[in-house]
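To start, the structure under review is shown below, and the notes come after it.
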Amino acid sequence: MKIMLVSLIKDYLRAEKPKKPKGTIFLRFPSLALANLASLTPEDDEITVIDEQISPIDYNMNVDLVAISVNTSVAKRAYEIADNFRKKGVKVVFGGLHPSLMPDESLKYADSIVIGDANESWKELLIDFKKNKLKRKYISNQKKPINLPTPKWEIFKKMSYLNTNFIEVTRGCSHNCKFCSTSVFYHHLHRKRPIKEVIRDIKKVKSFPKNFIFFVDDNIACDREYAKKLFKALIPLKIIWISQATVDIGEDEELVKLASESGCGGLFLGFDSISKLNLEKMNKKHNYISYLKSVRMLQKYEIVIEGGFMFGFDNDTKNTFRETLEFLKESKIESFLAMYLTPIPGTKIYNEYKKQNKLLTEDHSLYDFRHVVARPKKITPEELYEGVSFISKEFYQKKEMNKRIKRRLFYLLKNPSVKNLFQLIGTIAINLAFRDRIKNLSKDGTFPKSYRNI
């Protein structure tokens, strides 16, 4: 049987010719979900992987089954692809966030959908397909422990990725942030893999450099005791790793120390907002001071930070952007991602905003965190756009970028190590990549056209 696994991307990053990828290589990542599915597929089945950022889809390819990973912002694109294949008699399966949260809509365009973790249902789905008994829905039990074979990273060979050493340790997050689609998808559960399986996978990675690992968890330190055991087990491996966590990781010095000793080079932290009122409304307990304390704790153990902030909350004002910029400068974090508050269908905040008539559009292709899709309370949509544009431009001005790079260079010279070298290279790469993306996105109005020359 011939299977096509598809990873989608927004149109501005979609490749137009085979093996002619778009976008900077530093922001181009393989889909670990597809590597997991490939590892669960029988050896006698033939797999073709299409990442739209690298190659366009060939509708004339001889395939029996097409499986597409779908999030909200690319759902329309998934439906378009499905229509084209189904007209040719090819069966199409959807998996991922959007089909799980919007199953009825998704079933209008697919022969079958997987709700929840695809790895729980994939083998059963393939058996049913071969018997010509494909079900309309496959619902995974997301309370079961995660047991996965080693990802089949070789499916990404010669696909223009910088690195494919992506490994999953845990899934989900037990927090209850109103805007978070991950919590809804995983039913507010945080599930862990056996640590020995994680170690097994690390020892089998194939991409150069083999000691660099990207743990793709939503919140790797959600269960602190598990995380401490994991980090202790990683220390002898002498790897360098990056991942995601919540800001409260900085409240536990032992945890941060172990993370650093185990090779943690950097973390993406979802700060979301510096407004206490916004955070309380979103069920988060932090504030400006607690954020700074957490940042200082991570910096004490030389862990680089990328901060994610969302704008468009009800208590945001025109001053919010300058106040956040002040925090970014005071905290001295290495990189920053500004996003618009985006109520993903299926989340609490989406239902709340829809009821309050605060949604500006139901075009889900715009629900990509880079478009204003909801009406804020204290500022206009235009002021929100101007504020996000302003803070993005100011943070990635050459002068500010050079300050951050010089700080990392100082750390390297003060304490020469492979990890500090990686951190310097990473800081340079991610800052240049985000700056380049601002320039490119000014072409379609995501940022003002004048930003092409920043």
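Amide H to amide H distances under 5 Å link residue 189 with 173, where only residues 5 or more positions off or on other chains count and H is placed in the peptide plane. Average projection, convex hull of the Cα set of the range 250-318: 4.8 square nanometres. Electrostatic tally near residue 192: other residues with Cβ closer than 13 Å to its Cβ, Lys and Arg +1, Asp and Glu -1, net +3. Only one residue of 298, 430, 262 has its Cα farthest out toward the positive end of the dipole of the range 165-441, where Lys and Arg carry +1 and Asp and Glu -1 on Cβ, and that residue is 262. In the chain, helical runs assigned H by DSSP with n ≥ 4 each contribute -39500 (n - 2.57); averaged across all residues and rounded to the nearest 500, the mean residue ellipticity at 222 nm is -11000 deg cm²/dmol.
The GluC sites (Glu not before Pro) of the range 310-368 that DSSP puts in a loop, and whose beta carbon has at most 15 other beta carbons within 10 Å, are 362. In a DSSP loop and with at most 12 other Cβ atoms within 10 Å, the trypsin sites (Lys or Arg not before Pro) in the range 388-454 are 443. Spin-label pair residue 323-residue 176: with each label point 7 Å from Cα along the Cα-Cβ axis, the two points sit 2.6 nm from one another.
Could you tell me what % of all Cα pairs in the range 125-253 have separations over 20 Å? Roughly 55 percent, once rounded to a whole number.
Using C-alpha pairs below 8 Å separated by at least 6 residues, the relative contact order for the chain is 12 percent. In loop segments of the range 134-223 as defined by DSSP, the trypsin sites (Lys or Arg not before Pro) with at most 11 further C-beta atoms inside 10 Å of their C-beta are 136, 143, 157, 158, 203. Proximity of backbone amide H atoms, modeled 1.01 Å from N, is registered between residue 212 and 240 at under 5 Å, excluding neighbours fewer than 5 places apart on the same chain.
Debye-formula intensities of the range 2-139, expressed as log10 I(q)/I(0) at q = 0.18 Å⁻¹, are -1.02 (one equal scatterer per alpha-carbon, no solvent).
For the range 330-424, the Kirkwood estimate of the hydrodynamic radius, built from every pair of different alpha carbons, is 16.2 Å.
For a straight C-alpha distance cut-off of 14 angstrom, the aspartates and glutamates reachable from residue 354 (same-chain residues fewer than eight places away being disregarded) are 362, 363.
Global dimensions of the chain from alpha-carbon coordinates: Rg and Dmax equal 21.7, 64 Å.
Within the chain, helices built from complete DSSP H runs that reach 30 Å or longer along their own axis (Cα positions) and carry a mean Kyte-Doolittle hydropathy of -1.0 or higher are 418-441.
Among rounded, prolate and oblate, which fits the range 210-252 when a ≥ b ≥ c are the square roots of the eigenvalues of its C-alpha gyration tensor, a/c under 1.5 means rounded, and a/b larger than b/c means prolate? Cα axes put the range 210-252 in the oblate bin.
Values in this text are rule-based calculations from the coordinates and carry no lab data. What you see is a predicted model, and the numbers here were worked out from it, not measured in a lab. Cβ coordinates were reconstructed from backbone atoms using ideal geometry, including for glycine residues, and neighbour counts include every protein chain displayed.
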